[in-house]
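Working notes, structure below.
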Amino acid sequence: MTVTAKEVKKMLKEKGFDTRKIRVRVEHFGYGSESINIRLMDITLNLQKIDDLVCREYREVRQDEHVQGEYLEGCNTYVRCNYDEDVFDLAKEYMYPRAKKIYLELEEKDSNNGLDIFENDQFRAVAFFKDRVITLMSKTNEPGFYRRHMLNSIDDMTEALVILESGQTF
């Protein structure tokens, strides 16, 4: 399957996304494989949703039926979706004061008790200072949904808040 950046952007536009803030590059490499690289230029775009849509539509990775976990070489389509580095850094700069306040509050408590730092319809995030971790728990009873993010500094807290506020999970 040969995909073009134009096709990917057209599909995203049909799904309701403003593609002026989405950069798509398709690279072709060995044995007919290709890589769809998507860079989001706006932090308000839902990275997870875009990644899921593009993967569902275009991702194709053939696995060896005889050896579990082995990918067959050639004719695979990989998808990579990320925020632009500069955009992510600006979002972190904006979120830093809030992250610092939460981190210092946790540090002051210095206990095993958690502090709710984020909540939406799908999940809630709780930070634990003693364990140095942010735990993400499902509110929709999704089986097996439980994620952790290391919390060793204010920067870790800032990054986690940006990821959560942009509609992603870690």
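The values are calculated or read from the model by the stated rules, or taken from the named source; none is laboratory data. Quick caveat, the model's predicted, so the values are computed rather than measured. Methodologically, a virtual Cβ is constructed for each residue, glycine included, from the backbone with ideal geometry; neighbour enumeration extends over all protein chains shown. Side chains are part of the model used for accessible areas, which takes the heavy atoms of the whole protein and leaves out ligands, DNA and RNA. Shrake-Rupley method; radii C 1.70, N 1.55, O 1.52, S 1.80 Å.
When you restrict to C-alpha pairs under 8 Å that are six or more residues apart and normalise by the size of the stretch 69-165, the relative contact order lands at 24 percent. Counting only heavy atoms of the protein chains and using a 1.4 Å probe, residue 110 has close to 80 Å² of accessible surface.
If R0 is 22 Å, the Cβ-Cβ spacing of residue 13 and residue 82 corresponds to a FRET efficiency of close to 0.65. Between the amide H of residue 42 and those of 84, distances stay under 5 Å, these residues lying 5 or more places away or on another chain, with hydrogens modeled in the peptide plane. With the full set of protein chains in place, find how many percent of the accessible area of the stretch 57-170 is carbon and sulfur; take the probe as 1.4 Å. Carbon and sulfur atoms account for 42 percent of the accessible area of the stretch 57-170.
Residues whose amide H lies under 5 Å from that of residue 71, counting only those 5 or more places away or on a different chain, are 64; hydrogens are built 1.01 Å from N in the peptide plane.
With the simple spin-label model, which puts each label point 7 Å out from Cα in the Cβ direction, the residue 2 to residue 63 separation comes to 3.0 nm.
Taking only the Cα atoms of the chain, the ratio Rg/Rh comes out at 1.05, with Rh defined as the Kirkwood radius. Between residue 42 and residue 111, the FRET efficiency estimated from the beta carbon spacing at R0 = 45 angstrom works out to 0.70. Ranking 81, 75, 55 from most to least accessible surface, computed with a 1.4 Å probe over the protein chains only, gives 75, 55, 81. Mind pulling the per residue volume of the convex hull built on the Cα atoms of the stretch 1-60? Å³ is fine. Spread over its residues, the Cα hull of the stretch 1-60 gives 76 Å³ apiece. Note: the stretch 73-137, Cα convex hull, 158 Å³ per residue. Which longest uninterrupted range of the chain lacks any GluC sites (Glu not before Pro) assigned by DSSP to a loop state (not H, G, I, E or B) and surrounded by at most 14 other Cβ atoms within 10 Å? In the chain, the maximal stretch lacking such sites is 74-170.
For the stretch 1-101, how big is the tail of P(r) above 19 Å, as a whole percent of Cα pairs? Every Cα pair in the stretch 1-101 considered, those over 19 Å come to 50 percent.
Label-to-label distance for residue 133 and residue 55 is 2.3 nm, based on points extended 7 Å past Cα in the beta-carbon direction. Here the Gaussian network model covers the chain, with springs between Cα atoms less than 10 Å apart; of 37, 141, 120, 141 fluctuates the most.
Lysine pairs in the chain whose alpha-carbon atoms fall under 23 angstrom of each other, counting only those eight or more residues apart or on distinct chains, come to 21.
Given a Förster radius of 25 Å and the C-beta distance between residue 20 and residue 70 as r, what FRET efficiency does 1/(1 + (r/R0)^6) yield to the nearest 0.05? Working from the Cβ atoms, E equals 0.05.
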